[in-house]
């Protein structure tokens with residue numbers, strides 16, 4: 001949830017968005033990297049709800065594959081590792097035109113029918129793809145089968161292929177419970193992880209017929225998971241991720257999607273409230289406060305904190321905000337960090353509190369302490385809002401930028417550090433466990449969206465496509481440095497912070513009670529758990545977001 005869900009943020013009428021923005025349509029070059037025919041997959045999330053021009057270009061690029069005589073058109077992939085045309089040629093028995101030599105009387109209908117029945121029985125036998133011989137019933141000689149008409153042989157051969165095709169499907173589906181889409185998706189991932197590509201093709205074909213971007217939560221999620229699996233098979237996941245990252249929708253459209261998400265789910269509000277509450281508590285008696293925000297986005301998340309600080313009986317403190325944001329995020333704002341400065345200036349004037357803004361348009365792992373301009377006499381507060389998981393750790397880079405960043409921040413002696421992260425284990429997990437974890441995590445996410453917005457609403461489809469789908473594809477289809485969505489459970493974050501020299505800062509009980517009240521406005525299925533000094537927001541029995549504070 002970054003360029004997707006959590007990467008951006010929105011507050012009230014003003015929306016705040018962070019790093020990796022998304023797009024309203026997928027360009028033609030993206031589809032060129034995917035070697036499958038989406039026209040055979042009406043439920044494909046990447047073949048609908050995009051702009052007309054993109055769809056037209058994509059449709060035109062696929063016309064060359066539309067021949068109705070090509071049996072591969074009926075397969076899930078026009079570039080499948082199982083080539084059905086060559087498969088037909090290889091499995092066709094040796095046949096010559098004309099009347100079979102073993103028939104005593106070509107004019108005897110009874111004899112012809114008898115011979116053809118024997119022919120069909122032999123061809124449909126388990127070893128029918130081998131060269132077939134039989135004992136001739138009239139002469140006693142062993143002869144190869146020949147047909148009086150090559151058309152008959154072709155028809156029987158097609159029946160053979162269909163039987164084999166069905167047999168492969170039965171084998172692929174034999175361990176999948178009927179009508180259980182979740183298990184079918186896991187079976188697809190398992191087949192791919194074991195490099196059983198023929199089995200994978202069969203399973204994916206069934207899965208694509210069962211998913212829908214306007215169906216139940218598991219069907220909608222399944223549509224994006226299937227695309228991620230296919231992208232992994234075709235090694236095109238990185239292309240999808242880069243395309244979605246670099247080709248942004250109109251700023252007003254993305255703002256609209258994120259505003260909808262902000263309103264229908266409490267996840268972003270929870271993160272803002274937890275971080276603001278911890279900073280307000282730690283800096284309540286400070287006259288000069290320096291906030292370093294590692295994902296400033298729109299900057300509006302600081303509105304409520306600045307308003308609260310302005311109302312202090314002792315008078316408002318001087319606040320300096322250093323806003324870090326990668327250069328790509330300007331697409332989400334519709335402008336660079338200068339737009340954030342103007343917004344903060346307006347807030348400063350409105351609440352009569354001195355606010356100074358320092359923009360740093362740099363990727364988080366590249367930040368140095370000199371860039372932050374830490375000054376003596378300031379109470380330093382550092383905020384990591386659903387961002388730290390983008391910084392690689394030791395499993396990706398031997399220099400371990402993730403822990404290195406924490407150690408650098410600790411060297412600045414901050415008054416408080418706030419951390420908000422997705423409660424998911426996808427960082428170092430191998431592909432199959434990572435797929436199952438992603439399926440479980442986003443199932444809860446999609447269910448929570450389902451209770452507040454109708455399934456057939458175009459707005460909901462746009463929210464899920466632009467705010468969630470790109471993360472899902474990256475987690476499933478990408479590896480190494482190309483996989484930037486690397487979430488960790490709070491227990492692992494806790495160890496990292498302690499190894500960097502931090503101690504936990506107690507979260508405010510008042511903020512906890514306010515968040516509980518907020519959740520009651522949404523659904524009874526949202527949960528709030530206090531564990532190991534952190535707050536965990538969840539849906540039913542699945543924790544989704546953690547919030548903690550450190551010093």
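For residue 432, the test of being part of a helix (DSSP H, G or I) and not assigned by TED's automatic domain parsing to the domain that holds residue 384 is passed. If the condition is being crowded, with 23+ Cβ neighbours inside 10 Å and not in a strand (DSSP E or B), then the stretch 284-304 contributes 294, 295, 296, 297, 298, 299, 301, 302.
Residue-by-condition table, conditions (1) assigned to a helix (DSSP H, G or I); (2) on the phi < 0 side of the Ramachandran plot; (3) surrounded by 21 or more Cβ atoms within 10 Å (Cβ to Cβ); (4) in contact with a helix residue (DSSP H, G or I) (Cβ under 7 Å, 6 or more places away or on another chain):
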residue: 408; (1), (2), (3), (4): yes, yes, no, yes
residue: 419; (1), (2), (3), (4): no, yes, yes, yes
residue: 424; (1), (2), (3), (4): no, yes, yes, yes
residue: 427; (1), (2), (3), (4): no, yes, no, no
residue: 437; (1), (2), (3), (4): yes, yes, no, no
residue: 444; (1), (2), (3), (4): yes, yes, no, no
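The sole residue among 451, 484 that is surrounded by 15 or more Cβ atoms within 10 Å (Cβ to Cβ), more than 30 Å from residue 233 (Cβ to Cβ) and at pLDDT below 95 is 451. What are the residues in the stretch 337-394 that are more than 29 Å from the chain's Cα centre (by Cα) and on the phi > 0 side of the Ramachandran plot, if any? Within the stretch 337-394, 352, 373, 377 qualify. Applying the criterion of at least 3 residues that are in the same structural domain as residue 396 (by TED's automatic domain parsing) to the helices (runs of 4 or more DSSP H) found wholly in the stretch 462-551 leaves 490-499, 509-520.
The values are calculated or read from the model by the stated rules, or taken from the named source; none is laboratory data. Note that this is a predicted model, so its numbers are computed, not measured. Note that each Cβ is placed from the backbone with ideal geometry, even for glycine, and that neighbours are counted across all protein chains shown.
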